[in-house]
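For reference, the structure discussed in these notes is given below.
Taken together, the values in this text are just the output of simple stated rules run on the coordinates, not laboratory data. Note that the structure is predicted; figures quoted are calculated from it, not measured. Cβ sites come from the backbone with ideal geometry, for glycine too, and all protein chains shown count toward neighbours.
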Amino acid sequence: MRTGARLLLAVCLLLVGAAQARPSLQKLIDRTPKGGTLVPPPGVYNGPVVLNKPITLDGKGKVTIDAGGKGSVILLHTSGAVIKGLHLTHSGDHPNDLDAGVQVRGNYNVIEDNLIDDCLFGIDLQQSNNNIVRRNRISSKRYLGIGQRGDSVRLWYSFGNKITDNVTTDVRDMVVWYSANNVIARNRGSNSRYSLHFMYSRYNLVKDNYYVNNQVGIFLMYSDSVVLRNNHIAHAVGPTGIGIGFKETSDLTLENNEILYCASGLYIDVSPFQPDTTNKFRGNLIAYNGIGIRFLNDWHGNLFEHNDIVDNLTQVVVSGGGTANHNHWRGNFWSDYAGFDLDHDGIGDTPYEYYAYADRLWQDQPNAQFFKGSPVLEVIDFLEKLAPLSKPTLLVRDQRPYMRALAKVALRKKQPKPAREMDAYELLKRSLEN
């Protein structure tokens with residue numbers, strides 16, 4: 001055997017021996033009484049481990065649990081436990097098994113202040129209610145393509161959870177499926193596919209999140225009565241770049257969100273879907289996108305009020321033809337409004353009107369969208385507006401356009417102060433008392 005091969009074999013044997021020599025965290029967990037607190041000595045421990053009783057496992061930022069590439073690092077199969085201050089790493093890579101940093105199968109648990117990396121999924125909650133997941137830093141297996149990675153946080157048929165103040169990067173999505181009455185707040189997500197993806201999930205609150213450099217910001221599919229408030233979404237670019245998108249989704253409230261530098265700011269597909277419902281867009285800043293608001297078809301039932309729609313290359317598009325004027329537009333600020341305010345009431349004296357020109361090259365030829373914003377294509381579009389070859393279609397008429405971008409400030413003053421969120425330990429204490 002050559003010297004290099006012998007050296008490599010020796011290193012591998014040392015690594016295997018070191019892994020086998022690690023202390024067993026499972027034994028320490030098993031010895032901890034129900035309701036007790038376990039603070040393991042600093043160091044690296046072998047996983048996976050199982051928590052099947054309500055204890056507090058506190059790593060104090062000095063404990064690593066390494067699953068060795070097999071399964072989930074921690075299986076939390078109880079209610080009322082606390083997991084915090086741990087470094088959870090090296091889960092398995094089997095998506096069918098949902099290999100994760102933490103698999104949650106219980107209620108009223110707290111998972112906070114953990115570093116989760118090299119784990120396929122971050123935190124997976126399945127049929128688990130009233131848990132708190134906060135201040136964790138989560139990334140997936142970076143060597144996998146973005147579609148093969150797992151989700152940072154996955155809610156499946158789970159209700160009343162709070163997902164707050166987490167930082168996620170290099171994951172696939174954060175997903176909420178078949179789940180209701182959850183709060184997703186103050187999270188930061190980047191370098192992922194969907195920052196947040198809803199499927200068949202109603203009555204959720206999404207607020208104060210910061211999502212940048214993802215392929216899609218937030219997308220809601222068949223998920224009614226969701227509130228999105230004060231979220232910042234930017235730089236969702238590429239062929240599928242969407243700030244916030246909706247498919248067959250009704251009774252939405254979008255307030256004071258910032259949607260910047262995306263291929264499409266808003267993407268609206270047959271929404272609202274339920275009869276006699278309205279999607280309400282108020283006080284949002286939709287600015288510097290390729291397309292500000294894209295309707296996939298000629299639809300109705302959306303209320304746009306007090307929004308700032310600023311310097312998008314194209315303000316509004318109806319991809320399937322038709323008009324966006326079946327929706328209600330009132331009191332928005334349009335950066336390209338060319339009217340006057342002779343009575344100085346802050347409202348334009350004439351309506352804002354936005355037209356679609358049927359012969360616009362970039363809409364007739366999808367491949368030409370690559371050149372949208374280039375000087376040559378903008379000159380062609382300008383000439384078409386100057387002397388159109390066919391009668392243009394009125395897309396939007398706003399009867400009372402704002403003259404200045406003041407709508408967001410006015411709306412924020414009217415918002416009530418949010419109720420105090422219950423502290424994690426207070427919630428845990430109440431759950432145990434009951």
Protection proxy ranking, peptides 288-301, 334-347, average beta carbon neighbours within 10 Å, highest first: 288-301, 334-347
Segment 174-309 - charge dipole about Cα centre, Lys and Arg +1 at Cβ, Asp and Glu -1, debye rounded to 20: 440 debye
Rounded to the nearest 20 debye, dipole of segment 30-192 from Cβ charges on Lys, Arg, Asp, Glu: 380 debye
Kirkwood hydrodynamic radius (C-alpha pairs) into Stokes-Einstein, segment 13-150, 4 °C and 1.567 mPa s, D in µm²/s: 87 µm²/s
Inter-label distance for Q274 and L313, nm, one decimal - labels placed 7 Å from Cα along Cα-to-Cβ: 3.7 nm
